[in-house]
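Asker: Quick one: the structure is below, and I'll ask about it shortly.
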Amino acid sequence: MIDRRKFIATGASGLLLGGCDRLNNSAGFRGLLRSAEKLTMASQRLIAPRDALAREYGEADLSPIFRSNGTRMPGTPEYARHAAEQFANWRLVVDGLVARPLSIPLQTLRSLPHRVQITRHDCVEGWSAIGKWHGVQLWRLLQLAGLSSRAKYIVFHCADRFGEKPYYESIDLIDAFHPQTLIAWGLNGHLLPIPNGAPLRLRVERQLGYKQAKYIERIEAVDSLGPIHGGKGGYWEDNVDYEWYAGI
Ligand SMILES: Nc1nc2c(c(=O)[nH]1)N[C@H]1C(S)=C(S)[C@@H](COP(=O)(O)O)O[C@H]1N2
Ligand SMILES: [Mo]
């Protein structure tokens, strides 16, 4: 019995091979193939990684302790008072280029739909830790506030100071609307501990540790980073020339 499918398959691929062989023999066509390949790689590097999800891990991968770095306890009297009250009166301000500026009580924020994700944090100082984060997706807050079409960046103002200088960070709208970008209020199944940024910290999973702003009290939408503090978009960017886009 003749296997018709096999016959057709062989026949077809035979034809294709014949055609490709002929084309492959032309140096010009091989060059074209190579440049098309380079083009694909280049465009994937430029576009795909910005939207791609950061790797998520399982419970078994969690680091036994998620260490703390930078500020472990903001030194201001205001923060001390909030900490003593278990942050019962903490509010998150969302303002700048928005239609409806918000001042969201922490309790309300924690009652919004949230996402849980286990990701790896990489610090430039050469350590990593895997933690489980619980938080509201930033895009939800920007939607609630009615982000203006003039906005280009989202700035995170923090409660801690380095001398006189407040810690702050900023991201663009691609990262701001990324599904894994959270305003996190929980770590490993508990409310966020103070050393890790209580009561609210940013998780922007495609970027390095210093972008993960802790102790967030205000989120500001802006069209330019120039007028804010040193103008380079973040405390470390202003003061020690760290990259603004710290992609990993
Ligand atoms: N407000 C604030 N956010 C901050 C810092 C800080 O000192 N202050 N340190 C950054 C750095 S360098 C790292 S590696 C992470 C550390 O987060 P962790 O303390 O939860 O490990 O927070 C980042 N966010
Ligand atoms: Mo870091």
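Asker: Filter region 125-160 down to residues that are part of a helix (DSSP H, G or I), in contact (Cβ under 8 Å) with a residue 24 or more places away in the chain and open to solvent by 20 Å² or more (accessible area, probe 1.4 Å) and give me whichever is farthest from ligand 1 (Cβ to nearest atom).
Answerer: Per the criteria, the residue is LEU144.
Asker: When residues of region 188-214 are filtered for being open to solvent by 10 Å² or more (accessible area, probe 1.4 Å), within 13 Å of ligand 1 (Cβ to nearest atom) and aliphatic (A, V, I, L, M), how many remain?
Answerer: Final tally of qualifying residues: 3.
Asker: Same structure, new question: Can you run down the residue pairs with Cβ atoms below 8 Å, 6 or more apart or on separate chains, where the first is in region 67-89 and open to solvent by less than 100 Å² (accessible area, probe 1.4 Å) and the partner is of a type in the set (S, T, N, Q) and part of a loop (DSSP other than H, G, I, E, B)?
Answerer: Within 8 Å, the pairs are HIS82/ASN89.
Asker: Still on this structure, I have one more. Tally time: how many residues in region 228-248 are more than 18 Å from GLU205 (Cβ to Cβ) and either more than 16 Å from ligand 2 (Cβ to nearest atom) or surrounded by 21 or more Cβ atoms within 10 Å (Cβ to Cβ) (or both)?
Answerer: Here the count works out to 9.
Asker: So in region 70-98, with the set limited to residues that are away from ligand 1 (no atom under 16 Å from the Cβ) and under 24 Å from the mean Cα position of the chain (by Cα), which one is nearest to ILE194 (Cα to Cα)?
Answerer: ARG91
The values are calculated or read from the model by the stated rules, or taken from the named source; none is laboratory data. All values reported here derive from a predicted model rather than from experimental measurement. So basically every Cβ, Gly included, is an ideal-geometry build from the backbone, and we count neighbours across all protein chains shown. These accessible areas exclude ligands, DNA and RNA; they are computed on the full protein's heavy atoms, side chains included. Shrake-Rupley method; radii C 1.70, N 1.55, O 1.52, S 1.80 Å.
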